[in-house]
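Since every read-out is calculated from the coordinates, none of them should be taken as a lab result. Computed from a predicted structure; not experimentally measured. So basically every Cβ, Gly included, is an ideal-geometry build from the backbone, and we count neighbours across all protein chains shown.
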Amino acid sequence: MMLTDLHIHSNFSDGKLSIPEIIDFYGTRGFHIIAITDHLCEEETFLGKASKVLNKTLTKNTFQQYLDLIKSEGARAMKKYGMLVIAGVELTKNSLSFHRSAHILAIGIREYISADGTIPEIISAIKKQGALAIAAHPVSTKKVEHQTYHLWDEREELKDLFDAWEVASGPHLFEEVMNSGLPLIASSDFHHEKHIRSWKTLINCEKNFESLYSAVKNQALEFTFFEEAVHSRFLTRISLNHAGSSSGRSCPAVG
């Protein structure tokens, strides 16, 4: 089973760490697969333009540099840590209304995708690249932050378009998503070091994107709570399978 986090932000958008720092941070903690998923905001909306001015989003001008760095750092990650690094983005449609806001993870993309289209258009563009389309934090994250409810409000129309829906974004499981019967994934929505304490996914796959893609589509996975003990070098991992049963174990930290 591959310890996986498919929702990580770098300083290409609103994350604290650089991509090389993220590689070392996750690599020394024994992760097998990660995806860098910086925000790619709409270009035509007020909030999207504000994100560009504040350097909190990828743009057409920075996108290729972003992909190139992920590729080069991915090669280093595989050589040094045996860790697969996947390029992704979080296509970000923000509104003053939570119910009109939606974030979509595109995992495994190779070309720029605009966030200004409709939700079905964006998902279609993701699928054309052979990438995974994941509904990010579709319900309340239980944190004081901008919420994104549009995808969940429209889930009956969108449920067959997404490859997975986030059942956790950080330390909180989303019970309504867990009980929905939709395909699921759990990730950290990592922006800084403390966000490592969160639900992650254990995926039954090989260490390549094609195998990961198939495993997510087939839901060959479990969920694990990952945290670092304050006064020791141990990690606590509590696994929760789709049947709802759980088990806990502790194991030594790597590095």
Just for the chain, what percent of DSSP beta bridges are antiparallel, to the closest 5?
65
Over the range 49-111, calculate the relative contact order: mean separation of alpha carbon pairs under 8 Å at least 6 apart, over the residue count, as a percent.
22
Just to be sure I understand: with springs between alpha-carbon atoms less than 10 Å apart, which residue in T28, T57, T201 has the highest mean-square fluctuation in the Gaussian network model of the chain?
T28
State to the nearest 20 debye the size of the charge dipole of the chain about its Cα centre, where the only charges are +1 on K and R beta carbons and -1 on D and E beta carbons.
760
The range 2-252: relative contact order as a whole-number percent, Cα under 8 Å and 6+ apart:
16
If you build a Gaussian network model of the chain, linking Cα atoms that sit under 10 Å apart, which residue out of H32, H99, H137 swings the most?
H99
Find the centroid of the Cα atoms in the range 83-144 and in the range 1-72, then give the distance between the two in whole Å.
13
Any lysines with Cα under 22 Å of the K60 Cα? List them, leaving off those in the same chain fewer than 8 positions away.
K16, K49, K52, K71, K93, K127, K128
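Where does the charge balance sit around H32 when Lys and Arg score +1, Asp and Glu -1, over other residues with C-beta under 11 Å from its C-beta?
Details: positive: R29, K200, K207; negative: D5, E206.
Taking every other residue near H32 into account, the sum is +1.
When a footprinting reagent is the concern and you count Cβ atoms within 10 Å, what order do D14, D38, D68, D153 take, fewest first?
On the way: D14 18, D38 25, D68 11, D153 15.
Ascending number of Cβ neighbours within 10 Å: D68, D153, D14, D38.
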Got a sec? Charge dipole of the range 2-252, +1 on Cβ for Lys and Arg, -1 for Asp and Glu; which of C41, L67, S95 is way out at the positive end?
L67
Can you list the residues, at least 5 places off or on another chain, whose amide H is less than 5 Å from the amide H of W165, using H built in the peptide plane?
A135, L184, I185
Rounded if a/c is under 1.5, else prolate if a/b beats b/c, else oblate: with a ≥ b ≥ c from the C-alpha gyration tensor eigenvalues square-rooted, which is the range 55-122?
prolate
List the GluC sites (Glu not before Pro) within the range 1-70 that DSSP assigns to loop and that have no more than 15 neighbouring Cβ atoms inside 10 Å.
E43, E44
Fewest to most Cβ atoms within 10 Å: E206, E111 sort as E111, E206
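Would you kindly state the longest site-free stretch of the chain, with sites defined as trypsin sites (Lys or Arg not before Pro) in a DSSP loop (not H, G, I, E, B) surrounded by at most 15 other Cβ atoms within 10 Å? Each step should come with its number before you reach the end.
On the way: sites that count: K16, R110, K142, K143, K159, R197, K207, R233.
Looking at the chain, 17-109 is the longest stretch - no exposed trypsin sites (Lys or Arg not before Pro) with at most 15 other Cβ atoms within 10 Å.
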